[in-house]
Amino acid sequence: MDHDSALLELDEAFVQDPYSVYAKLAEEGPAHRVRMPPGVPLIGGLPVWVITGYDAVRAAFADPRLSTDLNRIDGLFAQKEPDSGKRGGFSKVIASHMMHTDPPDHTRLRKLVSKAFTGRAVQALRPRIQAVTDELIEGLRDENEVDFLDAFAFPLPIRVICLLLGVPVQEQGAFKDWSSALVSGHSPEQATAAANAVAEYLADLVERKRNATTDDILTALVAAHDVDDRLTTTELISTAYLMFIAGFETTLNALGNGTLHLMSHRDQWEALREDRTLLPGAVEEFLRLEAPLKHATFRCATEDLTVGDAEIPAGDFVLLAIASANRDPERFGDPHALDVRRPAAGHLAFGHGIHHCLGAPLARIEVQMAFDSLLDAFPAMTLAAEPGDLRWRNSTIIRGLESLPVRLHR
């Protein structure tokens with residue numbers, strides 16, 4: 001019998017409830033060979049390793065033998081599935097960013113972008129973030145029932161990241177359409193087309209920034225490319241693309257997932273309403289309990305490695321289960337419960353080590369400011385659906401809802 005045919009498949013049931021699968025896997029140790037479901041871009045049907053549990057995932061994040069280098073990974077994909085049409089995936093132009101590189105390229109690219117996300121830089125953005133938040137809330141005051149994702153959680157981070165990249169206001173509408181195609185999970189073809197459209201737009205915007213005197217990160221990256229030759233044109237466009245995707249995806253899901261859990265636990269919502277000093281810690285708890293990414297982006301083993309009792313051969317693909325680590329009962333007591341007073345620091349929602357998310361300070365502040373404003377504007381907000389009827393997006397990496405209907409006024 002083919003050993004791989006008996007592998008557990010990360011299918012639709014897993015997408016809807018990964019935690020019961022992680023709990024079952026955890027009984028066997030920290031590393032598990034599973035199969036990706038058909039239809040997943042690049043790796044549909046392929047066996048991969050999933051690493052679970054807090055200590056093992058944290059150690060794997062810091063293990064230099066697990067490479068995120070896209071060129072290496074793409075070569076392995078090609079060996080396992082020679083038909084590039086079946087592999088799918090995105091062009092190199094939008095995948096040559098720091099999440100898909102190892103040091104020293106990773107170090108160089110990260111350094112170029114890091115200035116935009118220092119604590120001071122993010123604090124300076126607060127008035128602009130608040131203005132976007134206020135405008136979105138003002139537009140909802142006469143509404144009773146809305147899809148929270150569509151009406152608030154989605155446009156907020158897109159508009160903030162467009163501010164950072166210097167996308168003209170009149171061109172931001174297209175970003176919303178492309179983003180919708182990228183996050184829907186319904187059509188890999190539409191997602192690929194949208195990704196390529198974003199890349200083309202960013203390439204054009206880069207050209208326009210060459211003669212601009214605006215103060216935004218894309219203009220700064222263009223200068224780093226033109227003046228100091230510190231990154232290639234492909235890396236420049238790819239880095240802008242990463243900022244766009246990471247800039248809205250994490251915040252969108254942190255807002256949506258946090259709202260779902262707060263609406264399901266009114267005592268926690270009321271606690272925040274009465275004591276806003278709890279908000280920073282509450283944001284960490286939302287990120288821990290329902291991390292915006294359930295897995296980190298793909299890695300591959302550059303040499304044989306041992307995780308627990310498992311031997312992972314060189315060349316095999318590895319997924320790090322952030323969602324499992326963040327609900328590890330050995331690390332967090334009563335891990336499936338929302339507790340806005342819990343000291344949730346140390347969670348792995350933003351990764352760990354050299355690939356720790358650069359945009360984490362921005363995401364944290366956006367989510368914190370958003371909930372502060374929502375608690376003021378819509379204190380009686382409730383779910384307009386049964387939690388069990390809500391669907392999670394069909395994605396290997398992302399943990400986010402397809403929609404989140406809420407009633408803003410009781």
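The values are calculated or read from the model by the stated rules, or taken from the named source; none is laboratory data. No experiment lies behind these values; they were computed from the predicted model shown. Neighbour counts run over all protein chains shown; Cβ positions are idealised from the backbone, glycine included.
With the structure loaded, tell me whether LEU140 is under 26 Å from LEU390 (Cβ atoms) and either among the small types (Gly, Ala, Ser) or not in a helix (DSSP H, G or I) (or both) or whether it fails that test.
It is true that LEU140 is under 26 Å from LEU390 (Cβ atoms) and either among the small types (Gly, Ala, Ser) or not in a helix (DSSP H, G or I) (or both).
Could you check TYR22 against (1) in a helix (DSSP H, G or I); (2) modelled with pLDDT under 85; (3) under 30 Å from ARG327 (Cβ atoms) and say which number it fails?
Evaluating TYR22 over (1) in a helix (DSSP H, G or I); (2) modelled with pLDDT under 85; (3) under 30 Å from ARG327 (Cβ atoms) leaves (2) as the failure.
So, VAL307, is that one of a type in the set (Val, Ile, Thr), out of contact with any Leu (no Cβ under 8 Å at 6 or more places or on another chain) and either over 27 Å from LEU272 (Cβ atoms) or at pLDDT 95 or above (or both) or not?
Against the criterion (of a type in the set (Val, Ile, Thr), out of contact with any Leu (no Cβ under 8 Å at 6 or more places or on another chain) and either over 27 Å from LEU272 (Cβ atoms) or at pLDDT 95 or above (or both)), VAL307 qualifies.
Scan segment 150-173 for residues that are within 22 Å of GLY400 (Cβ to Cβ) and not in a helix (DSSP H, G or I) and jot them down.
PHE154
From the residues in segment 203-242 that are in a helix (DSSP H, G or I) and polar (S, T, N, Q), which one is farthest from PRO104 (Cα to Cα)?
So the residue we want is THR219.
May I ask you to say which residue of ILE51, ILE73 is touching a strand residue (DSSP E or B) at 6+ places or on another chain (Cβ under 9 Å) and modelled with pLDDT under 70?
Sole residue among the options that is touching a strand residue (DSSP E or B) at 6+ places or on another chain (Cβ under 9 Å) and modelled with pLDDT under 70: ILE73.
Check whether at least one residue in segment 350-366 is over 27 Å from ILE158 (Cα atoms) and not polar (S, T, N, Q), and report yes or no.
Looking for residues that are over 27 Å from ILE158 (Cα atoms) and not polar (S, T, N, Q), one finds none in segment 350-366, hence no.
When the residues of segment 174-202 are filtered to those that are of a type in the set (Ser, Thr, Tyr) and either outside any helix (DSSP H, G or I) or surrounded by 19 or more Cβ atoms within 10 Å (Cβ to Cβ) (or both), which remaining residue is farthest from the chain's Cα centre (by Cα)?
Among residues in segment 174-202 that are of a type in the set (Ser, Thr, Tyr) and either outside any helix (DSSP H, G or I) or surrounded by 19 or more Cβ atoms within 10 Å (Cβ to Cβ) (or both), the one farthest from the chain's Cα centre (by Cα) is TYR201.
In segment 152-166, is there at least one residue being free of Cβ contacts under 8 Å to residues at least 24 places away in the same chain, surrounded by fewer than 20 Cβ atoms within 10 Å (Cβ to Cβ) and not aromatic (Phe, Trp, Tyr)?
No: segment 152-166 contains no residue that is free of Cβ contacts under 8 Å to residues at least 24 places away in the same chain, surrounded by fewer than 20 Cβ atoms within 10 Å (Cβ to Cβ) and not aromatic (Phe, Trp, Tyr).
What pairs can you find where one residue is in segment 209-220 and closer than 17 Å to ALA199 by Cα, the other is in a loop (DSSP other than H, G, I, E, B), and their Cβ atoms are less than 7 Å apart, with a gap of 6+ or different chains?
So the pair list comes out as LYS209/GLY166; LEU218/GLY166; THR219/GLY166; THR219/ALA212.
Return only the number of the condition from (1) under 25 Å from the mean Cα position of the chain (by Cα); (2) exposed (fewer than 14 other Cβ atoms within 10 Å of the Cβ) that ALA223 does not satisfy.
Here ALA223 clears every test but (1).
Taking the conditions exactly as written (of a type in the set (A, V, I, L, M, F, W, C), surrounded by fewer than 17 Cβ atoms within 10 Å (Cβ to Cβ) and more than 18 Å from ALA254 (Cβ to Cβ)), does ALA384 satisfy them or not?
Against the criterion (of a type in the set (A, V, I, L, M, F, W, C), surrounded by fewer than 17 Cβ atoms within 10 Å (Cβ to Cβ) and more than 18 Å from ALA254 (Cβ to Cβ)), ALA384 qualifies.
Those residues that are of a type in the set (Gly, Ala, Ser) and in a strand (DSSP E or B), I need them from segment 277-322; list them, please.
Answer for segment 277-322, where residues must be of a type in the set (Gly, Ala, Ser) and in a strand (DSSP E or B): ALA301, ALA310, ALA321.
Residue by residue, here is whether (1) surrounded by 24 or more Cβ atoms within 10 Å (Cβ to Cβ); (2) assigned to a strand (DSSP E or B); (3) of a type in the set (Gly, Ala, Ser) holds:
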| site | (1), (2), (3) |
| --- | --- |
| PHE244 | yes, no, no |
| THR251 | yes, no, no |
| SER324 | yes, no, yes |
| GLY346 | no, no, yes |
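What's the number of the condition HIS32 fails, among (1) closer than 25 Å to MET243 by Cβ; (2) crowded, with 17+ Cβ neighbours inside 10 Å; (3) modelled with pLDDT of 90 or more?
Of the numbered conditions (1) closer than 25 Å to MET243 by Cβ; (2) crowded, with 17+ Cβ neighbours inside 10 Å; (3) modelled with pLDDT of 90 or more, the odd one out for HIS32 is (1).
Could you please tell me which pairs satisfy a Cβ distance under 8 Å, a separation of 6+ or placement on different chains, a first residue in segment 300-319 that is free of Cβ contacts under 8 Å to residues at least 60 places away in the same chain and farther than 17 Å from ARG58 by Cα, and a second residue that is part of a strand (DSSP E or B) and hydrophobic (A, V, I, L, M, F, W, C)?
ASP304/ILE312; GLU311/LEU305; PRO313/ALA301; ALA314/ALA301
With the structure loaded, tell me whether LEU262 is crowded, with 24+ Cβ neighbours inside 10 Å and closer than 16 Å to TYR19 by Cβ or whether it fails that test.
Judged against the criteria, LEU262 is not a match.
If MET98 passes every condition in (1) touching a His at 6+ places or on another chain (Cβ under 6 Å); (2) at pLDDT 60 or above but one, which one does it miss?
(2)
For residues that are aliphatic (A, V, I, L, M) and in contact (Cβ under 8 Å) with a residue 12 or more places away in the chain, scanning just segment 167-179, find the one that is farthest from ALA121 (Cα to Cα).
This residue is ALA174.
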